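Asker: Dropping a structure here in structure tokens format, bear with me for questions.
Values in this text are rule-based calculations from the coordinates and carry no lab data. Keep in mind that what you see is a predicted model, and the values were worked out from it rather than measured. Every residue, glycine as well, gets a Cβ built from its backbone with ideal geometry; the counts of neighbours run over all protein chains shown.
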Amino acid sequence: MNVESYEYSYWFDIISSGHRLEFNEAREILNDMKLHEIMHLANQLTGTQVGDTVTYAVSYNINYSNYCAASCPICAFYVPAKIRGKSSKGYELTIDDVKAELAKAKEINPTEIHIVGGFNPYLPLEYYESVFKTVKENLPGVTLKALTIPEIDFIARTTGNSIKEVIDRFHASGMDAHTGGGAEIFDQEVRKQIATPEKISGEDWLKDAKLIHSMGIKGNSTMTYGHVENWDNIIDHLIRLRENEKEVPGFLSFIPLKFSIENTPLQKMGKVKFASSGEKDLKVVAMARIIMGQDIKNISVYWVSVGKGIAQMALNGGGSDLVGTAASEKIFGATDRREHTTIEELNNMVESIGKIPARRDTFYNIIGKFDN
Ligand code: SF4
């Protein structure tokens, strides 16, 4: 079968000429083209935008606390903040705990420490500053990618500071980048069903991202899909991210996060019974490349969330990055997704589809290729 259909050539030429897809055009691609055609179009665009290299970071995750003032129906990680001290499952890492985590991190020689947690209303600004300084003292040279945008907003609100003041202080303490999490789905009607009001709206997420980027702190962008959203919500989310990037650049990558249903309130309420299909997972990555690739060229495939098999296929359909080793990850772990990998396995996943694996830093600079 000739995969290069009329639709393929038409859209490849239009996007290659610099045109940014509008909502109805993206919808047309989804409606008119088959999965293999969409993936082929995305893969060809990947070739022109980033080439054949697939990157990943050697990263170690630290989740400082699971107490949370929000109670998002998509989340299996949180313990309600109001029962702090009364739950055997709730925790807050002390600075000694953080040092112990860093000692474990040293074993994999990470270039990046990734830190996120719940909305813990009991932790003062100084707690985060101490954690960040401890990271930099114990692992000098490592890049510290910390906090989701809603976490930063929550910390600013509960400590009586502006976002600018919080970012200034955190940057001075060692924060180099934000994680880009908490974007979920921007559409407010969907957002209301998957997150509680403590989490900022999609509008505010985008506004905060522009402010943080304008201060020189870059970060990733994300979207959580596979719950109660539809394709229109996904297209809308991708276009809004792209337009934000055009206004104030600062997104290092886009990472779609497949909703992991196990142990979540959405599953317990019976609102979501099954995980998204492999077909949808592949189409999300491909559409991200097709809609956003000119402006956010690093489209990541998070193997922890989609599984290694689908991740590998997505690298031939728009994906150009595997995120990282994600050692010690606990957020997906709370939904029973206890995936593990090694650098050797990531290299093999890439090489066996004919692409070139490369280690990168947080800012997507390549620091080691494996092409011999
Ligand atoms: S998703 Fe984040 S904000 Fe929502 S309950 Fe979980 S930890 Fe809290």
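Asker: What is the order of K207, K268, K86, fewest Cβ neighbours within 10 Å to most?
Answerer: So the residues, fewest neighbours to most, are K86, K268, K207.
Asker: Quick one: order R20, R289, R240 by neighbouring beta-carbon count within 10 Å, fewest to most.
Answerer: Least crowded to most crowded, the residues run R20, R240, R289.
Asker: What's the FRET efficiency of I83 with R20 using the Cβ-Cβ distance as r and R₀ = 45 Å, to the nearest 0.05?
Answerer: 0.45
Asker: Could you pull out the chymotrypsin sites (Phe, Trp or Tyr not before Pro) across segment 97-135 that fall in loop regions by DSSP (anything but H, G, I, E, B) with no more than 14 other Cβ atoms inside 10 Å?
Answerer: Here the sparse-neighbourhood loop sites are Y122.
Asker: If we count other beta carbons within 10 Å of each Cβ, what is the order of K369, K145, fewest first?
Answerer: K369, K145
Asker: Can you tell me the relative contact order of the chain? Whole percent, Cα pairs under 8 Å, sequence separation 6 or more.
Answerer: Once normalised by length, the contact order is 23 percent.
Asker: Where in segment 228-305 are there chymotrypsin sites (Phe, Trp or Tyr not before Pro) that are in a DSSP coil and have at most 10 other Cβ atoms within 10 angstrom of their Cβ?
Answerer: Passing both the DSSP loop test and the Cβ count: F274.
Asker: Sticking with this one: Which angle from 0 to 90°, rounded to the nearest 10, does the C-alpha axis of helix 231-247 make with the longest principal axis of the chain?
Answerer: Helix 231-247 and the main axis of the chain meet at about 80 degrees.
Asker: Expected output is a single nm value to one decimal: the length gained when fully extending between D52 and K106, i.e. 0.36 nm times separation in residues minus the C-alpha distance. What is it?
Answerer: Result: 16.4 nm gained on full extension.
Asker: Using the charge dipole of the chain (Lys, Arg: +1 at Cβ; Asp, Glu: -1 at Cβ; taken about the Cα centre), state which of N138, L93, Q267 has its Cα farthest towards the positive end.
Answerer: The Cα lying farthest towards the positive end belongs to L93.
Asker: What is the spin-label model distance, in nm, from E4 to K271 if the labels are put 7 Å beyond Cα along the C-beta direction?
Answerer: It is 4.6 nm.
Asker: Please work out whether segment 34-369 counts as rounded, prolate or oblate from its C-alpha gyration tensor, where a ≥ b ≥ c are the square roots of the eigenvalues and a/c under 1.5 means rounded, while otherwise a/b larger than b/c means prolate and anything else oblate?
Answerer: It comes out rounded by the Cα gyration axes.
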